[in-house]
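So the structure is just underneath, and the comments pick up after that.
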Amino acid sequence: MDLSRSNRKRTSRKKKKLLGRSWWILNFSLLTMIILLLSYYWVTEENKANSFVYTPTDTTTISQSDDIEEGNKLTDGTSSNLIDEQDSEDERVLDSAATEVSVEPEIHIEEDESIVVNSDSVLTFNFAGDMMFAGKVEDKLKMKGYDFPFKYVSKLFQQDDLTIANLESPVTTAGIEASDKQYVFKSSPKALVALKEAGMDGVGLANNHILDQGVSGLLDTLKYLEKSKLQYAGAGKDADEAYAPTYFTRQGVKVALIAVSRVVPKSDWHAGKGNPGVATVYDPTLAIKSIASARMEADIVIVMAHWGEERALNPIGNQSELAHQFVDAGADLVIGSHPHVLQGLEQYKGKWIAYSTGNFIFTKSLTETTWKTAIFSTTCTPEGECRIKLIPFHAELGQPVPMSEEEGQQLFKDIEELSIGGVRINKEGTVFMPKS
């Protein structure tokens with residue numbers, strides 16, 4: 001009996017010892033697996049970081065209580081009394097910061113030998129989309145500095161002959177908010193100082209926000225633009241000034257810029273005799289006369305047009321009709337804005353029409369198509385023979401950030417599909433019509 005108990009005790013001790021050893025082996029194995037997994041994760045992330053070009057920022061959906069527009073919403077919540085298109089802008093905005101890229105990517109403009117421009121001397125123009133420096137964008141600039149938007153584009157702009165974009169917000173320290181407009185913008189004069197230092201030469205003012213701070217806000221904008229030595233077109237103290245071309249001379253070549261809008265919220269935004277306002281083209285007669293006049297004075301005529309429907313990937317009927325009228329009147333280039341997304345291109349009678357350049361310096365909405373943009377880098381001869389090359393960017397909050405090569409190639413394909421009449425875009429981003 002005692003022997004049997006002794007055997008059982010020894011057997012029990014052996015089992016406990018084996019069980020303890022098994023637990024130790026199991027724990028050691030688990031610990032080893034955890035270490036291996038952590039090591040693999042660390043190596044993988046390091047490789048990702050080393051190969052990083054650009055990753056879009058977080059697109060987490062925000063709550064309904066967050067800001068619902070790119071500017072400041074009026075407390076009464078009233079809608080704009082529109083003439084034609086509903087000024088809905090983007091429904092909600094993302095409050096994510098633009099991704100910080102530790103090493104600034106270089107932007108190269110390579111010559112494409114397949115596209116021939118018949119001249120010994122060419123001028124380089126860069127066109128960008130909608131710019132506003134209000135709301136969340138201004139909050140970002142106050143934290144990061146007013147030069148923040150131009151981190152990846154200033155060298156490009158400073159080295160060209162002419163850089164032009166659409167200024168979507170009035171610039172004033174005072175102004176009177178439009179009481180019957182749902183979304184109103186207002187920007188600091190500091191934005192224009194940074195804009196000029198970044199290489200911007202001129203802006204279009206013909207749009208549906210330039211009178212957000214009333215006539216006094218518009219007049220302040222003109223004053224601050226002149227003080228910053230930035231030329232403008234598309235708005236003025238009266239119709240004569242609003243419709244008048246502004247002229248640049250580069251390398252002995254005279255360039256005319258005219259800006260017009262097919263989108264304004266109220267009829268009293270139209271510039272008239274003794275009435276400050278916008279050059280509109282609901283009736284294009286005055287714009288056509290201005291283009292024809294510029295054709296007589298300038299070597300190259302550029303028309304900026306604010307038109308179309310927001311977030312629409314294809315131009316609506318009046319865009320195409322107006323664009324063709326502009327070319328018929330003497331325009332060498334037609335550059336569009338307002339839809340907040342990129343639209344396709346068309347070549348009409350040998351002249352290029354870019355229907356929408358998308359957002360450039362703006363807030364970031366929940367509509368993903370508004371996150372893609374491009375600089376339309378254009379070379380023109382003194383005779384007005386031009387070619388366009390797209391430089392792809394992500395439109396982050398207050399800052400355009402270069403796309404990766406893969407993303408850029410996809411963007412070229414997307415814009416090619418949206419373009420009219422067989423327009424092609426090669427892997428370098430050059431827009432062309434194939435030889436028939």
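The values are calculated or read from the model by the stated rules, or taken from the named source; none is laboratory data. Everything numeric here is computed off the predicted structure, so don't read it as measured data. Positions of Cβ are generated from backbone atoms using ideal geometry, with glycine treated the same way; all protein chains shown enter the neighbour counts.
Annotation note: Cβ proximity below 8 Å between a residue of the range 195-222 that is in contact (Cβ under 8 Å) with a residue 12 or more places away in the chain and closer than 18 Å to GLY398 by Cβ and a residue that is assigned to a helix (DSSP H, G or I) and among the polar types (S, T, N, Q) (sequence gap 6+ or interchain) occurs for GLU197/SER154; ALA198/SER154; ALA198/GLN158; GLY199/SER154; GLY199/GLN158; GLY199/GLN159. Scanning the range 262-283 for residues being in contact with a helix residue (DSSP H, G or I) (Cβ under 8 Å, 6 or more places away or on another chain), in a loop (DSSP other than H, G, I, E, B) and either at pLDDT below 95 or surrounded by fewer than 19 Cβ atoms within 10 Å (Cβ to Cβ) (or both) gives a total of 1.
Taking the criterion of being under 16 Å from PHE185 (Cβ atoms) and in a helix (DSSP H, G or I), the residues of the range 223-242 that qualify are TYR224, LEU225. Restricted to the range 333-386, and to residues there that are assigned to a loop (DSSP other than H, G, I, E, B) and among the aliphatic types (A, V, I, L, M), the residue that is modelled with the lowest pLDDT is LEU366. With respect to the conditions (1) without any contact (Cβ under 8 Å) to a residue 12 or more places away in the chain; (2) buried (at least 18 other Cβ atoms within 10 Å of the Cβ), MET143 falls short on a single one, namely (2).
Among the residues examined, PRO392 does not qualify as surrounded by fewer than 22 Cβ atoms within 10 Å (Cβ to Cβ), within 30 Å of VAL253 (Cα to Cα) and free of Cβ contacts under 8 Å to residues at least 60 places away in the same chain. Of all the residues in the range 157-177, those that are part of a strand (DSSP E or B) and closer than 19 Å to ARG262 by Cβ number 4.
Among the conditions (1) farther than 23 Å from ALA305 by Cα; (2) buried (at least 24 other Cβ atoms within 10 Å of the Cβ); (3) under 15 Å from the mean Cα position of the chain (by Cα), GLY135 misses just one, which is (3). Of all residues being surrounded by 24 or more Cβ atoms within 10 Å (Cβ to Cβ) and hydrophobic (A, V, I, L, M, F, W, C) in the range 197-208, which is nearest to SER261 (Cα to Cα)? Just the residue, please. Looking at the filtered set, the residue picked out is ALA206.
List the number of the failed condition for LEU211; all other conditions in (1) surrounded by 22 or more Cβ atoms within 10 Å (Cβ to Cβ); (2) within 19 Å of the chain's Cα centre (by Cα); (3) of a type outside the set (Lys, Arg) hold. With (1) surrounded by 22 or more Cβ atoms within 10 Å (Cβ to Cβ); (2) within 19 Å of the chain's Cα centre (by Cα); (3) of a type outside the set (Lys, Arg) applied to LEU211, the lone miss is (2).
Among residues of the range 322-349 that are under 25 Å from MET296 (Cα atoms), those with a Cβ under 6 angstrom from a residue that is part of a loop (DSSP other than H, G, I, E, B) and of a type in the set (Lys, Arg), sequence gap 6+ or separate chain, pair up as VAL327/LYS349. Within the set ALA259, ALA206, the sole residue that is outside any loop (DSSP other than H, G, I, E, B) and modelled with pLDDT of 95 or more turns out to be ALA259. If I filter the range 227-261 down to residues being under 24 Å from the mean Cα position of the chain (by Cα) and not hydrophobic (A, V, I, L, M, F, W, C), which single residue comes out as surrounded by the fewest Cβ atoms within 10 Å (Cβ to Cβ)? Here the answer is LYS229.
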